[in-house]
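Remarks on the structure that follows.
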Amino acid sequence: MSRLEAKKPPLFITEPLTADGVSQSLSLLSGILKSCYGPAGRLKQLHNGVGGYVCTTSQSSAILSRLPVSHPVLGVLMASVQSHVSRFSDCGLFTAILCCSLIENFKSLNVAPCTVIKISKHLLSLCMDYLKSEACGCRVAVDFSSVETLLCLVRSVLRSKPACMLNKTEIDHLTTLILKAFLFTVPCHAESNAVLGKCVIVPMKGRRVMDSAVLPGLLIETPEIQLAKPLTVKRTCSDMIKIALFCVSMSGDSFNPKEGAITVHHGISLEISELNQLLNVGKQLVNDEVGLVVCQKVIHPSLKQYLKENGVIAVDRTGLSLMEPLSWMTGSKPIASTHDLSPSCYGSLKDVCIETFASKNFVHLIPNDTVVCSLVLCNRNETAWDELKRACETAEHVLQLTLKEPLALLGGGCTETHLASYIRHKSCGLSTSSFEDIDCSQTQYQLVTDGFCHSLESVARSLNHDDGEILTDMVYGHCWFVPPGFPFVSSWSDLVSKCGCGINGNGENLKWRLLQGQFGSPVIQDCPKEPLVKVADLLTLDCYAAKCSGLQVALETANLILDLLYIIKDQN
């Protein structure tokens with residue numbers, strides 16, 4: 001077949017970062033993400049041009065998935081950050097803001113990209129070695145025998161999501177519930193191949209946040225069960241409740257014409273045959289002392305009635321999402337056929353009861369060992385609930401990562417300014433042989449180091465949305481926020497009470513330095529000290545694994561984009 005028009009040659013874009021459009025788009029993206037950062041971040045409404053769902057959020061997972069970009073450079077950046085968020089759930093804005101700042105600062109240097117990349121890799125290794133060392137002054141050990149640090153981690157996640165519309169009392173209540181739900185999912189018996197359980201979120205939109213609750217086991221909504229009637233469940237001789245879990249339809253219409261033709265003899269009713277088969281299954285379940293039947297799909301009304309008359313509770317339409325936790329919690333194997341029923345597929349429960357929340361009735365399945373729990377999550381409206389659900393899932397993932405690596409980093413911008421102070425101190429004492437190993441001059445090294453440290457500090461500056469001054473102290477290298485409306489003064493101690501993470505007060509005679517947005521004269525920085533106290537009731541903490549990964553992803557993505565020489569686009 002002949003072509004309707006001549007084939008166009010590919011479009012070659014040389015040195016894409018030098019184009020004005022890319023710089024403007026990068027600056028715009030950076031501004032959008034910075035304005036969302038932290039507890040005082042501004043909200044964004046995301047919707048498409050043809051209507052539909054409107055998302056109000058400040059979370060990176062929601063923004064990045066709904067923010068369209070056309071330029072390949074921004075596409076690389078967005079894809080890289082989204083990959084990080086999919087693995088760690090947290091620190092997405094930190095990663096994106098740092099990456100944008102690194103690109104902008106490195107691009108402005110009169111240093112070859114290959115040299116910038118070599119020096120920045122060296123600086124990254126210094127950061128990672130320091131963060132992994134016992135001497136790290138911005139790292140906190142997490143003790144799982146005490147809940148204080150864990151509560152700080154969860155509280156920090158919730159406080160950074162303003163679209164959840166939570167006050168302090170609600171944040172404290174949800175923090176306790178999320179931690180309690182997480183502890184339910186941790187196996188009681190330590191094994192080499194132990195697997196964490198699952199927390200199932202039960203939505204309650206339009207209700208008070210304080211009505212939220214955590215229950216061991218699973219809640220399955222069952223509108224047809226009346227709360228007024230006592231729930232009697234058949235039990236085995238060992239006082240356990242035997243459960244059968246079906247993942248196949250039990251409605252009597254399991255024949256699918258798409259699967260092929262079926263021959264039915266004259267006088268035979270296919271529907272009656274199917275119903276008889278279902279009733280035979282019901283008889284076997286009753287004979288096997290099954291007390292609860294749960295079906296992913298629909299159960300025929302006649303089979304339901306038969307089971308009810310024989311003391312068996314039948315729950316249907318549970319959906320696919322509950323099948324895995326049900327199987328996990330009860331030890332049952334999902335039954336995929338009504339023609340081959342094996343007693344080895346049955347599981348067991350400790351108890352079954354009825355719970356009611358906001359005029360909704362639920363069957364509450366209580367397991368023998370609690371590895372699955374239900375978080376009844378309430379919020380005022382659908383928008384706030386959606387944001388809160390994402391925040392709770394992030395907090396749960398942060399706790400899981402912390403269980404694997406029991407460390408946390410100081411939040412509130414203090415880790416960024418502390419790292420910048422540490423890198424400045426290390427760069428001042430670098431030997432001549434080190435510059436030769438990196439293959440750069442001392443001037444080039446100092447320029448890239450200054451850009452790297454300014455990028456870290458720009459993330460801390462992004463936490464301030466009210467035009468107040470931002471300081472860093474010359475002892476601990478922590479970040480301090482001055483309330484807006486105060487002019488420059490010689491004694492900043494009168495205006496600040498605690499650093500960003502909350503670990504340091506202004507009781508000491510600290511020396512201060514303004515965090516400026518532009519490159520200035522080189523800062524002479526002593527090695528930042530480690531705070532004497534590492535635990536506080538209201539400490540702001542960040543996930544160690546997520547932030548370390550974000551730091552690496554941001555720098556490696558910035559280096560990749562700096563190293564781009566050509567973009568080749570197919571125009572056909």
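On average over all directions, what projected area in square nanometres does region 97-178 have, based on the convex hull of its Cα atoms? Reported value for the Cα convex hull: 8.3 nm².
In order along region 556-570, phi translates into HN-Hα couplings of 5, 5, 4, 5, 4, 5, 5, 8, 5, 9, 9, 10, 10, 10, 7 Hz, rounded to whole numbers, per the Karplus curve 6.51 cos²θ - 1.76 cosθ + 1.60 with θ = phi - 60° and x for Gly and Pro. Compare the Cα positions of Ala141, Gln446, Leu33 along the charge dipole of the chain (+1 at Cβ of Lys, Arg; -1 at Cβ of Asp, Glu; about the Cα centre) and return the one farthest towards the positive end. Value: Leu33.
For region 340-452, the share of accessible area belonging to carbon and sulfur comes to 46 percent (1.4 Å probe, ligands and nucleic acids excluded). Across the chain, C-alpha contacts under 8 Å between residues 6 or more apart give a mean separation that, scaled by the residue count, equals a relative contact order of 25 percent. When the pairs Lys198/Lys350; Lys198/Lys404; Lys297/Lys333; Lys242/Lys389; Lys8/Lys107 are compared against a 21 Å limit on Cα-Cα distance, Lys242/Lys389; Lys8/Lys107 fall above it. Residues whose amide H falls under 5 Å from that of Val475, counting only those 5 or more places apart or on a different chain, are Lys511, with hydrogens built in the peptide plane.
When you work out D = kT/(6 pi eta Rh) for region 283-358 at 25 °C and 0.890 mPa s, using the Kirkwood radius from C-alpha pairs as Rh and the Stokes-Einstein form, the result is 183 µm²/s. The GluC sites (Glu not before Pro) found in region 64-173 that occupy coil by DSSP, while having at most 13 further C-beta atoms within 10 Å, are Glu134. Protein heavy-atom accessible surface, 1.4 Å probe, per residue over the chain: 48 Å².
Surface composition of region 4-136: carbon plus sulfur atoms hold 57% of the accessible area, using a 1.4 angstrom probe and ignoring ligands, DNA and RNA. Mean residue ellipticity at 222 nm, helices only, the chain: -13000 deg cm²/dmol; runs of at least 4 DSSP H residues each add -39,500 (n - 2.57), and the sum is divided by the number of residues. Loop-located chymotrypsin sites (Phe, Trp or Tyr not before Pro) in region 97-192 (DSSP state other than H, G, I, E, B) with a sparse environment of at most 16 neighbouring Cβ atoms within 10 Å: Phe144.
Pairs of Cα atoms in region 392-493 fall into 5 Å distance bins, from 0 up to the last occupied one, in shares of 2, 10, 16, 15, 15, 14, 12, 8, 6, 1, 0 percent. The angle between the Cα long axis of helix 113-132 and the longest principal axis of the Cα atoms of the chain comes to about 60 degrees, rounded to the nearest 10. Radius of gyration (Cα atoms) of the chain, expressed as a multiple of 2.2 N^0.38 Å: 1.21.
The values are calculated or read from the model by the stated rules, or taken from the named source; none is laboratory data. If you're wondering where the values come from, they're calculated on a predicted model, not measured in any experiment. Reconstructed Cβ throughout: ideal geometry from the backbone, glycine too, with neighbour counts over all protein chains shown. Remember, those area values only see protein heavy atoms, side chains included, never the ligands or the DNA or RNA. Shrake-Rupley method; radii C 1.70, N 1.55, O 1.52, S 1.80 Å.
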